[in-house]
Structure formats: structure tokens, C-alpha cells
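First the structure, in the form of C-alpha cells, and then the observations on it.
The values are calculated or read from the model by the stated rules, or taken from the named source; none is laboratory data. All of these numbers come straight from a predicted model, not from anything done at the bench. Reconstructed Cβ throughout: ideal geometry from the backbone, glycine too, with neighbour counts over all protein chains shown.
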Amino acid sequence: MKSRHLIALVGLVILAVLANLLVSRDGLLLGAFGDLLRGEESLGTRILAELRFPRAILGALVGAGLGASGAALQGFFRNPLADPGIVGVSASSGLGAVIALYFGLAGISLLMIPMAAALGGLVGVGFLLLLAGRRASSTTLILSGVAVSAVASSMTALLMNLSPNPWALAEIAYWLMGSLADANWNEVRFAAPLILAGTTLLVLVRNDLDPLSLGEETARSLGVNLPWLRLAIVLGSALAVGGGVAVAGAIGFIGLVVPHLLRPFVASRPAALLLPSALGGAALLSLADVGTRLLSGPGIPLYLGVLTALLGAPFFVWLVRSTQGRAP
């Protein structure tokens, strides 16, 4: 990616985060931001410091993790339709959170749901690696991820079916829709290390993705350690995606859409796509979060996962059709 494109992308991230921080229906926070810079205290500055800042930071972090994971998985599987959900982390993390909600563990600590979601994601990855085996091919890994997602989704549906009352069912359903509305500094401190560690691991192995685009045999002949690369991609994606799901719920399509939007700017090189995709994911999710606030009606919130699905599903349909059109 040319330096001017990268600078423009960084600028877009900054603008998107500022919009997520300051945009509101009544314009109160615009004045409060000035008060905050001057050291004055008011209702608006408290809202900024305790609610909007952690929400804006989490939005950027979760989006960056999803974007980087999507680019890494598309490069590893050499499949433009791959996204973070393909390894089963999203469904497994969702199951962990649903278990915590079902058994009322949230009453013990506000961090019980994120912790259960993160643990669920790690268990799902362990099951995936055990099911696929040490020398699994990309196809076997994809099928194993689909199996993990199916098991986790079926267990989630079972717990929702057995939910003891309508309020518990509603709480589970709303969490699964994905939202940053309840973001706080404890969640930032919990999720940031996971997302940053996962994204860093993906960035460290990104240079092996270019040889892999020529095929596994060619990559081996060029010195790529495929078992290590496979483990690094799966664990990196698990940490980056699982950390995001733990605090924001299930948010789809960011990891699918962002790499495709940015691929033309990096000459379709998988290694060069990771960092731009992380920045693009941060910008897109931040702007989507702004959209949820502006489009929500009185007492009827629009959930973040719903909005990203509404935006991403038509893109996915177009992508499938265009991929068919290029097939021989």
C-alpha cells in the first residue's frame, strides 16, 4: 500500500473514533469535549470519560481484530469468502457467554460474561486443533471449523430453548445480537490484551502468506513452516476475535468486507493486507457503532451486529456472484 493511502486510512480511523466519541442526537458531547480539554467537570464530561471513551476504544479494537483476522484467514485459506467465523471462534465464544448468562454467573462479577466468552473461544480452538490434527490441510481445517461452529450453535440454541424464563431468553438473544452500548473501562482492560496479542501474532507471520498463495508445496519449498503457520493463524485469530466477541457479542461481516475493500490497494498481496485491514476494520466498526446510535428509535435500540449483518449480507451476495463469474 502506498504511503498516501496508509496515511488516509489512519486519518479515517481517527475521524471514525472521534465521531464515535462525540456524535449524539442532541449535540451535548461536542461542548462537553471542550470542557474536558479545559479541565472543567460537567454531566457531559462524565459521559465522555465513563461511557464514550471506553466505547470508542473498544469499537476500534474489536474492529481491528476482526479486520486483521479476516485478512489473515483469507490469505491462509486462499479463499476470498473466508472470515473469522470459519474457525468456529465466534460461535464458541458466544456459547461461553450464553452459558454464563443461563446460569446467572453475571451476578458474581461484571467480567464473568467476557471471561466465559473468552474461555469458550479457547475451548473451541482446542477442539478445532484436536479435530483437525497436527498435519491437517486447509480443507480439513475449514471442515473442522464448520463442525465446531455447528456444535457450538446447536448448544447455544439448546440453552435458549431451555431458558427458565422470557427475561433470561431475551438477555441471551440481545447479547448475541452484538452491541457496545454497555462498554466500560473494565472491558477495555480485559479485551485489549487479547485482541492486541492476537493481532500481533498475525502480523508476525504475515510474510509467510505470500509464498502460501502459490500453493502449499511451493510454500514448503520456500521454507515456510506450515504447521507453525497454521497454529499461529488459528491462535492469533482466536485471540483477536474471541477478545472482541467477549465484550461486544457476535459481530459479523467486518472480517469479510474490509479485506476485499482494501485488497486492490495492496496489489492483492496477503502479507501487505493485514495492517490496512486492521485499520479499516477499526474505522468501519466505529462508523457502524455511530450508525446504531443515530438509527435507534426511542426505546428500540438497533444492535451493532444487526447493522453489520444488514450491510454485509448484500456485499456477501455480490461477492459470491462475482466469484462465480470469474470461475472457469
### Task
Tell me which residues, restricted to the stretch 206-264, are more than 15 Å from residue 141 (Cβ to Cβ) and of a type in the set (Lys, Arg).
206, 220, 263
### Query
Can you pull out the helices (runs of 4 or more DSSP H) entirely within the stretch 210-299 that have at least 1 residues that are among the small types (Gly, Ala, Ser) and out of contact with any Asp or Glu (no Cβ under 8 Å at 6 or more places or on another chain)?
216-221, 226-248, 270-295
### Query
When only residues in the stretch 149-194 that are surrounded by 15 or more Cβ atoms within 10 Å (Cβ to Cβ) and among the hydroxyl-bearing types (Ser, Thr, Tyr) count, which is farthest from residue 307 (Cα to Cα)?
163
### Query
With respect to residue 183, is the statement that it is in contact (Cβ under 8 Å) with a residue 60 or more places away in the chain and under 11 Å from residue 247 (Cβ atoms) true?
yes
### Message
For the stretch 139-148, give me the residue count where each residue is surrounded by 17 or more Cβ atoms within 10 Å (Cβ to Cβ) and either under 17 Å from residue 216 (Cα atoms) or out of contact with any helix residue (DSSP H, G or I) (no Cβ under 9 Å at 6 or more places or on another chain) (or both).
### Response
2
### Selection from the stretch 95-135 of residues that are part of a helix (DSSP H, G or I), more than 14 Å from residue 171 (Cβ to Cβ) and not hydrophobic (A, V, I, L, M, F, W, C)
96, 114, 120, 121, 124, 126
### Query
Which condition breaks for residue 304 when tested against (1) closer than 18 Å to residue 10 by Cβ; (2) of a type outside the set (S, T, N, Q); (3) within 17 Å of the chain's Cα centre (by Cα)?
(1)
### Task
Kindly establish whether residue 90 is at pLDDT below 90, crowded, with 23+ Cβ neighbours inside 10 Å and closer than 22 Å to residue 171 by Cβ.
yes
